[in-house]
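**Student:** Quick one: the structure is below, questions incoming.
The values are calculated or read from the model by the stated rules, or taken from the named source; none is laboratory data. Keep in mind that this is a model prediction, so the values were computed, not measured. In this analysis, Cβ positions are derived from the backbone assuming ideal geometry, glycine residues included, and neighbour counts consider all displayed protein chains.
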Amino acid sequence: MLLEAADTVLYNDDFEGPVTGWSINSTEYDPDTTRFLGRFDNSPTQTERTFTVPPGSDRVEIEFDFYRMDSWDNNARWGFDRFEIDIDGRDIFSLPFGHTQEARSGVSGLVEWAHYPLSDAQEFAFGTGIYWRDQKHRFTITVYSPGPSLTLTLRANINQGGNDESAGYDNMRVTAVDVPPNLELHKEVIVLSSLGPDATAIPGSELQYTIRLSGSGSETKTDSIILLDDFPPELELYTGDLDGYGNPFVFIDDSTPSSGLSCCHADSYEFSNSDTKPPVFGYIPEQPYDPNITYIRISPTGAMRDANIDPVEVRLEYRARIK
Ligand SMILES: [Ca+2]
Ligand SMILES: [Ca+2]
Ligand SMILES: [Ca+2]
Ligand SMILES: [Ca+2]
């Protein structure tokens, strides 16, 4: 279990208005993409921007939509076309994109990256025809131990002109994250089965997990607490109605006055079935037990109140079954 806290938003742009601060600021509009940063093809191929990172940041998270448009290739005749990302001048991502490209994730030094398709390949933009289909992807990049600034370079390393293949970027958000020093997490497991002390080894036994979050410091920012749990492969999560409102999580506020946090509704939690890190979220689980879940991300809403005088303690419960 990891505790995260989203902190300072360094950049947030849907590119609908005037754009500044990139080495190339051009935007283009298409009814199916909205206005976006681009297009980039064999000239110019790249744009970059430097963000100032607040001191003490644990990591920087970069998210954006990547539009892979028209006939990107991966062969000697038409070019080994690649989308490439550099962080501080170091290449952290360089891969081809098939027309219908599946999700991928990986690690490069202190950088984790992941992307997943937002749609199948479709003829939504610019060139039309079966070889000119387009696909939108969502990228997330996490840069650990960042310096005082971070330079992001986005490069369409493609060899043909924009009437044949191109790239664009949209809905970019860059956040510096600082782990809160005043919050603590504890995880407890209770065997619900009456099969005895060895029930944790018996398939079908039910377990209850309790996550305790204790706060002792000053107020957190609104919606800034995120709980990330890597879920054991020998268990299947109970995904049915545990709280009486259709959610598989029960939230209990043990604080007086109340913590200021609330949870959980359908937008508060996400699941992943990724085998590799970082996890790609958005997986729709099976009901009422799911054997494929590998990660859970829970985001309580609200700000945890000042806990300097009256400590805060909340509990989050969920259940699982031994496979
Ligand atoms: Ca846009
Ligand atoms: Ca091409
Ligand atoms: Ca090409
Ligand atoms: Ca197209």
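A quick yes/no check of all residues on (1) assigned by TED's automatic domain parsing to the domain that holds D310; (2) at pLDDT 95 or above:
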| site | (1), (2) |
| --- | --- |
| E84 | no, yes |
| I87 | no, yes |
| H99 | no, no |
| A125 | no, no |
| G129 | no, no |
| R138 | no, yes |
| N171 | no, yes |
| G196 | yes, no |
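**Student:** May I pose another question? Would you be able to say whether some residue in the stretch 4-20 is buried (at least 19 other Cβ atoms within 10 Å of the Cβ), within 16 Å of ligand 3 (Cβ to nearest atom) and charged (D, E, K, R)?
**Tutor:** no
**Student:** Scanning for something surrounded by 16 or more Cβ atoms within 10 Å (Cβ to Cβ), within 16 Å of ligand 4 (Cβ to nearest atom) and of a type in the set (G, A, S), does the stretch 69-88 turn up at least one residue?
**Tutor:** Yes, because at least one residue in the stretch 69-88 is surrounded by 16 or more Cβ atoms within 10 Å (Cβ to Cβ), within 16 Å of ligand 4 (Cβ to nearest atom) and of a type in the set (G, A, S).
**Student:** May I ask you to verify whether F93 is under 23 Å from the mean Cα position of the chain (by Cα) and either modelled with pLDDT under 95 or away from ligand 4 (no atom under 16 Å from the Cβ) (or both)?
**Tutor:** yes
**Student:** Counting only residues that are under 23 Å from I24 (Cα atoms), surrounded by 15 or more Cβ atoms within 10 Å (Cβ to Cβ) and not β-branched (V, I, T), how many does the stretch 130-158 have?
**Tutor:** The qualifying residues number 12.
**Student:** Restricting the stretch 52-87 to residues that are within 16 Å of ligand 1 (Cβ to nearest atom) and of a type in the set (D, E), which is nearest to W113 (Cα to Cα)?
**Tutor:** E63
**Student:** A further question on this structure: Which residues, taken from the stretch 299-320, are surrounded by fewer than 20 Cβ atoms within 10 Å (Cβ to Cβ) and part of a strand (DSSP E or B)?
**Tutor:** Matches in the stretch 299-320: T301, E313, R315, E317.
**Student:** If we keep just the residues of the stretch 112-129 that are aliphatic (A, V, I, L, M) and more than 21 Å from N273 (Cα to Cα), which is surrounded by the most Cβ atoms within 10 Å (Cβ to Cβ)?
**Tutor:** Residue satisfying both the conditions and the ranking: A125.
**Student:** Mind listing whichever residues of the stretch 121-146 are within 20 Å of the chain's Cα centre (by Cα) and in a loop (DSSP other than H, G, I, E, B)?
**Tutor:** Result: S145, P146.
**Student:** Go through T27, T45, T33 for me and flag whichever is within 16 Å of ligand 2 (Cβ to nearest atom) and crowded, with 16+ Cβ neighbours inside 10 Å.
**Tutor:** None of the others qualify; the one that does is T45.
**Student:** Determine whether the stretch 58-68 contains at least one residue that is buried (at least 21 other Cβ atoms within 10 Å of the Cβ), within 16 Å of ligand 2 (Cβ to nearest atom) and not assigned by TED's automatic domain parsing to the domain that holds G282.
**Tutor:** yes
**Student:** Would you confirm, using the coordinates I've provided, whether A103 is away from ligand 2 (no atom under 16 Å from the Cβ) and touching a His at 6+ places or on another chain (Cβ under 9 Å)?
**Tutor:** When the stated conditions are applied, A103 passes them.
**Student:** Only one of (1) touching a Ser or Thr at 6+ places or on another chain (Cβ under 7 Å); (2) in a loop (DSSP other than H, G, I, E, B) fails for G260. Which number is that?
**Tutor:** (1)
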